[in-house]
Amino acid sequence: MNKDVVVLNCGSSSVKFAIIDAVTGKAGLSGLAESLGNADASLTYKLNGEKTSFSLTDNAGHTEALNAISKIIEDTGVKPIAVGHRVVHGGEKFKEAALVNNEVLTAVEDYASMAPLHNLANLKGIVTAQKAYPNLPHVCVFDTSFFQSMPQKAYIYALPMRLYKEHGIRRYGFHGTSHKFILDSAAKLLDKPVEETSIISAHLGNGCSVTAIEKGKAVDTSLGFTPLEGLVMGTRCGDMDPSLPGTLQKKLGKTADEINDLLNKQSGLLGISELSNDCRTLEEEAEKGHEGALLAIEIFCYRLAKYIASYLIATPSLDAIVFTGGIGENSSLIRETTMNYFAHLGVTLDEQKNLDARFGKGGEITSSSSSKTVFVVPTNEEWVIAAEAATFA
Ligand code: ADP
């Protein structure tokens, strides 16, 4: 039976789309409409390995992009059975994927107060796609759901409790679909049932997060109320002294929004290196001795190692540490530098296996004598979204 699902990820000025076979995870079609709302709005897609790009009309928005996307899908002859929507924030309400109805749409809108850019764009995508596919089930798959199993000790901040009770201020966690995929994949590699599998999953892309998973359940994660906390990321600062935003506002004479922008878009690898947020560029320049690039990589790996080490406490049944995301999958240097911090705990990587695991191959990268197993697993968030959506078809 046909199990093709349209997977949509609507950002504020982009729509990422794919047709995914919910059983195999294979993408027959994938593409991106970007610069929406601008003069250079464009659409690029890959169908059966062949790439096509074209300009959208001036200032084309989500509606024009989704119309073009549904036409491309129609032309493929594929008859999708459901539409899966990536939704960033599901608050405490959505512990799993939800079939879109008015109540769900209202909740997604309500949670926009916590993720304004993301949830409103997601909502726009859902409403527009419902018009393009009125007869298919539309399903929201939330980035936050996977973390709803965390205990209070992991998600409550040491702030007055009323901020949690009255305003929902707590750790929510993000990248949930990726960490869920990594858990399922690790269980297969370990040949264990998911509910008995314990891992520390490091998703390292432009955004980065580590999640502690004990016996199939997320028990802690590094991203917090927003996707700013935790690790050093491409342009986000991660952890720092919480008094700094206020201090910087006064010192630099900037508004809260400007400081927010500085912490989200001008910090992280880019801020430290004063060069780039792209790990590839940093590795190339570090090789040539660029001091900023060297320091950015050093701080990135040290912070990551500290997080992984702290999650050893949260995962007494740990089976494996897993790297994923653009950096986690491809950078043998980042993996090696990070895991070297665990040498005194008996963790040793196999140099050749670490190199071989790059570029989509994955696999175990530890030597046979290592005290812990370390895997590389290429993530596939779209597959999780497709699989969840297909259950409603
Ligand atoms: P996003 O979070 O936007 O999905 P990705 O998961 O694609 O991002 O990860 C992007 C990051 O992966 C970039 O920093 C990029 O430099 C890094 N990356 C991709 N390929 C390599 C590589 N071969 N070596 C090192 N870093 C890489």
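The values are calculated or read from the model by the stated rules, or taken from the named source; none is laboratory data. All of these numbers come straight from a predicted model, not from anything done at the bench. Every residue, glycine among them, receives a Cβ derived from its backbone with ideal geometry; neighbour counts consider all protein chains shown. Note: accessible area is taken over every heavy atom of the protein model, side chains too, but ligands, DNA and RNA are not part of it. Shrake-Rupley method; radii C 1.70, N 1.55, O 1.52, S 1.80 Å.
Looking only at residues in region 290-314 that are β-branched (Val, Ile, Thr) and open to solvent by 10 Å² or more (accessible area, probe 1.4 Å), which one is nearest to Ile182 (Cα to Cα)? Checked region 290-314; the qualifying residue nearest to Ile182 (Cα to Cα) is Ile313. In the set (1) buried (at least 21 other Cβ atoms within 10 Å of the Cβ); (2) among the aliphatic types (A, V, I, L, M); (3) within 16 Å of the ligand (Cβ to nearest atom), the condition left unmet by Ala387 is number (3).
Condition check for Asp257 on (1) open to solvent by 80 Å² or more (accessible area, probe 1.4 Å); (2) touching a residue at least 40 places away in the same chain (Cβ under 8 Å): one failure, at (2).
Please tell me if Glu64 is open to solvent by 80 Å² or more (accessible area, probe 1.4 Å), farther than 19 Å from Thr391 by Cα and either at pLDDT 95 or above or not assigned by TED's automatic domain parsing to the domain that holds Tyr45 (or both).
Numbers: open to solvent by 80 Å² or more (accessible area, probe 1.4 Å): yes; farther than 19 Å from Thr391 by Cα: yes; either at pLDDT 95 or above or not assigned by TED's automatic domain parsing to the domain that holds Tyr45 (or both): no.
No: the conditions fail for Glu64.
Considering (1) surrounded by fewer than 22 Cβ atoms within 10 Å (Cβ to Cβ); (2) within 26 Å of Gly360 (Cβ to Cβ); (3) away from the ligand (no atom under 12 Å from the Cβ), the lone condition that Asn277 does not fulfil carries the number (3). Glu287 - would you say it is open to solvent by 60 Å² or more (accessible area, probe 1.4 Å) and either touching a residue at least 60 places away in the same chain (Cβ under 8 Å) or within 16 Å of the ligand (Cβ to nearest atom) (or both)? Answer is yes for this residue.
Being assigned to a loop (DSSP other than H, G, I, E, B) and either open to solvent by less than 90 Å² (accessible area, probe 1.4 Å) or under 13 Å from Gly31 (Cβ atoms) (or both) is the filter here; which residues of region 67-100 pass it? Gly77, Val78, Pro80, Ile81, Val88, His89, Gly90, Gly91, Glu92, Phe94, Ala97, Val100, listed by residue number.
The residues listed here are Glu166, Glu214; of these, the one that is free of Cβ contacts under 8 Å to residues at least 60 places away in the same chain and among the acidic types (Asp, Glu) is Glu166. For region 315-338, the set of residues classified as surrounded by 21 or more Cβ atoms within 10 Å (Cβ to Cβ), among the aliphatic types (A, V, I, L, M) and within 16 Å of the ligand (Cβ to nearest atom) consists of Val322, Ile327, Ile334, listed by residue number.
Return the residues of region 344-354 that are without any contact (Cβ under 8 Å) to a residue 24 or more places away in the chain and surrounded by 12 or more Cβ atoms within 10 Å (Cβ to Cβ); say none if nothing qualifies. First the steps, then the outcome.
Just the residues of region 344-354 that are without any contact (Cβ under 8 Å) to a residue 24 or more places away in the chain, to begin with: 344, 348, 350-354.
Those that are without any contact (Cβ under 8 Å) to a residue 24 or more places away in the chain and surrounded by 12 or more Cβ atoms within 10 Å (Cβ to Cβ): Thr348, Asp350, Glu351, Lys353, Asn354.
Of the residues making up region 361-369, at least one is closer than 30 Å to Asn2 by Cα, in the same structural domain as Glu283 (by TED's automatic domain parsing), in a loop (DSSP other than H, G, I, E, B) and open to solvent by 60 Å² or more (accessible area, probe 1.4 Å).
Scanning region 183-234 for residues that are open to solvent by 10 Å² or more (accessible area, probe 1.4 Å), within 16 Å of the ligand (Cβ to nearest atom) and under 19 Å from Leu312 (Cβ atoms) gives a single hit, His203. Counting only residues that are under 20 Å from Ile73 (Cα atoms), surrounded by fewer than 23 Cβ atoms within 10 Å (Cβ to Cβ) and under 21 Å from the mean Cα position of the chain (by Cα), region 105-144 holds 2 of them. Could you tell me how many of the residues in region 2-53 are of a type in the set (Ser, Thr, Tyr), surrounded by fewer than 14 Cβ atoms within 10 Å (Cβ to Cβ) and not in a strand (DSSP E or B)? Matching residues across region 2-53 total 1.
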